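Report on one structure; see the data block that follows.
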Amino acid sequence: MGLSLSAEQKTVIKIFKIEEQYIIPAYQRPYSWEYDECFTLYSDIMEAFHDTESSEDYFIGNIVIAKSSTIKDKLEVIDGQQRLTTLLLFIKVLSIFSPEHKALKDCLEIEDWETDKTFPRIKSEIFESNDGESLQDILKLEKDDFEKLLIEYFKKGKFVEKKNSTRFEKNIMFFYNWIKFYTEKEDLKNFIRYLLTQVYLLPIELEGRTPEEAREKALKIFETMNNRGKELSDADIFKARLYDKAIRVKEEKIFINGWKNLKNSCDLQDIKIDDIFRYYSHVIRGNEQKTSGEINLRHFFTRLEYSPFNLKNYQEILKDLFQIVEVIEFINEEKKKATELSKWLQLIELYTNQYPKMLLVVYLFERGYGEKSLIEFSKRLVRYAYYKGSTTTIKFEIYNMIKDICLGKDINSYIEKDINSEQFNYLGGLKNGYALLSFYSVEKKALKTYYIDRLITYLDTKQLKAHWTDDEIKQASDSLGNFVVLDIKKKNIPKDKKIIYYKESNIHKLNNVINLLENFTYENFLKRDKEMKENLVAFFQGTI
């Protein structure tokens, strides 16, 4: 399928004063520009206008449009809805201050040449928010409405955003306030002429016989442009592809409801949809027995032949995504329990990168939630990751484990018989992790909530110097023995006060720590440090 593409710089008036209506399709992100983006647009245009006597032309940016030869009165905005919508809000404000200016009115509305009816220049069909109705409500405002709103936005002589107003209302009030101030000193006539005739955009139009064909072509350009530095999430691209699949089987509404539910589920688990797709990619890689390095997520899903976008329908893909969200929900709930499984889940979460958790998610996706086998699997995963220390190089073995899990194999036990306590003299980025692992290695169940504290900090330096050397204080500070696991929130207090505070804990073994702090000699500290390291050695050797 060849790309029928046209791209020609057009002035603002030629962008807006046309017979077609711009459609913001349902799969797009909600309108999200805020003060900074609006002010940058406004100030840049104003600066260009006032820069020279001749007022040089000013270029705003690109928009990507899908244009169907069968539905000629609609232009689908694939990219650029933020700047296009913001410009429309700006033009609306200018029309309020220059109601006699017919060109501004023509930019805002389309007149039906057969009737007296008018239609909004931009129609939003976004399903993740109420953008369509909110935008049209704002564009209906009159001068008196703006003045009433302006009173609400001014607090103690300052312009302050209203908390419960829409993004459209906030932004249009920014422009109204700026233009109101501008008109107190300047006439708008020349500026309006400059904005309409010397400010340019570059509409990139992709044509197709049907809306679906035009959209597919435009999405290819859109993906290419956004791979080269524009800020757009991978989830937006994937959402567009899935929506297109739903359109082809006339199930747009089913998809819209499904995607909304997916987004809400992700929000509840405080996870991005992009991350769900990243986990999904590892499920797919495992089943395809791929163990090479990861590639760009967008490239993975849109270009590889074994991508689910090529092999599955949108309902099957959504089902897989929901299953991954359920896995995340299971992990988040289980790690808060006082169980043996929770010990290992907490340690996986505490690791310094996401590779162990990726393997855990794939395991749960493929194998389910059988407790006994899951405990053993998680324990082995912790043993492998923590033996390797804080490093991204574990990913290569993790990829192999993912492949084995998808093939129905068990992972190795990763028992290390040759390990000794000296390997834990330097803890790196896993200080808290090793402290928790040492604690849990001799505990049957996890704490529902845990905190990691240091026995001595900079607050104790002066007092310790009476009995400790500077080297002893320095060495102890980052040693394993200086870390303690609590079931109460840690406080930034000296060790003498910790003796009292730690008595609030329900951890019985914390009494040993309290006794240590009461007689805190360097020799006693070394004894504690040695015991904690021996716990780790025993865990990695598989004896506990």
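The values are calculated or read from the model by the stated rules, or taken from the named source; none is laboratory data. Keep in mind the model is a prediction, meaning the values are calculated, not measured. A quick note on method: Cβ atoms are made from the backbone with ideal geometry, for glycine too, and the neighbour counts reach across all protein chains shown. Keep in mind that these areas ignore ligands, DNA and RNA; they rest on the heavy atoms of the full protein, side chains included. Shrake-Rupley method; radii C 1.70, N 1.55, O 1.52, S 1.80 Å.
For the stretch 29-47, which positions are open to solvent by 20 Å² or more (accessible area, probe 1.4 Å) and under 23 Å from the mean Cα position of the chain (by Cα)?
Result: R29, P30, S32, W33, E34, Y35, D36, E37.
Results for (1) buried (at least 19 other Cβ atoms within 10 Å of the Cβ); (2) under 20 Å from I402 (Cβ atoms), shown as yes or no for each residue.
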site: S233; (1), (2): no, no
site: F238; (1), (2): yes, no
site: E251; (1), (2): no, no
site: F255; (1), (2): yes, no
site: K272; (1), (2): no, no
site: E288; (1), (2): no, yes
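Using beta carbons and a limit of 7 Å, which pairs, at least six apart or on different chains, have the first residue in the stretch 90-102 and open to solvent by 10 Å² or more (accessible area, probe 1.4 Å) and the second one among the charged types (D, E, K, R) and not in a loop (DSSP other than H, G, I, E, B)?
As it stands, the answer is S95/K105; I96/K143, since those pairs meet every condition given.
Only one residue in D112, D137, D116, D106 is within 15 Å of L196 (Cα to Cα), out of contact with any helix residue (DSSP H, G or I) (no Cβ under 7 Å at 6 or more places or on another chain), open to solvent by 20 Å² or more (accessible area, probe 1.4 Å) and not β-branched (V, I, T), so which one is that?
The unique qualifying residue is D106.
What residue, of K148, K180, is in contact with a Phe, Trp or Tyr (Cβ under 8 Å, 6 or more places away or on another chain), in a helix (DSSP H, G or I) and open to solvent by 20 Å² or more (accessible area, probe 1.4 Å)?
From the options K148, K180, the qualifying one is K180.
Going by the conditions given, is L202 modelled with pLDDT of 85 or more and surrounded by fewer than 20 Cβ atoms within 10 Å (Cβ to Cβ)?
Criteria met by L202.
Considering every residue within the stretch 536-543, establish whether at least one is out of contact with any Ser or Thr (no Cβ under 6 Å at 6 or more places or on another chain), modelled with pLDDT under 95, surrounded by fewer than 18 Cβ atoms within 10 Å (Cβ to Cβ) and not acidic (D, E).
Yes, some residue in the stretch 536-543 is out of contact with any Ser or Thr (no Cβ under 6 Å at 6 or more places or on another chain), modelled with pLDDT under 95, surrounded by fewer than 18 Cβ atoms within 10 Å (Cβ to Cβ) and not acidic (D, E).
Just give me the residues in the stretch 302-361 being acidic (D, E), open to solvent by 60 Å² or more (accessible area, probe 1.4 Å) and over 22 Å from the mean Cα position of the chain (by Cα), in sequence order.
Hits for the stretch 302-361 are E305, E316, E340.
For E531, state whether it is in a helix (DSSP H, G or I), open to solvent by 20 Å² or more (accessible area, probe 1.4 Å) and in contact with a helix residue (DSSP H, G or I) (Cβ under 7 Å, 6 or more places away or on another chain).
Answer is no for this residue.
Of everything in the stretch 23-57, what is in contact with a strand residue (DSSP E or B) (Cβ under 7 Å, 6 or more places away or on another chain) and in a loop (DSSP other than H, G, I, E, B)? Give them in sequence order.
Matches in the stretch 23-57: P25, D57.
Mind listing whichever residues of the stretch 89-127 are under 30 Å from K253 (Cα atoms) and hydrophobic (A, V, I, L, M, F, W, C)?
Selection gives L89, L108, I110, F119, I122, I126, F127.
Kindly list the number of the only condition in (1) closer than 20 Å to A338 by Cβ; (2) of a type outside the set (S, T, N, Q); (3) open to solvent by 20 Å² or more (accessible area, probe 1.4 Å) that fails for K474.
Going through (1) closer than 20 Å to A338 by Cβ; (2) of a type outside the set (S, T, N, Q); (3) open to solvent by 20 Å² or more (accessible area, probe 1.4 Å) one by one, K474 breaks only (1).
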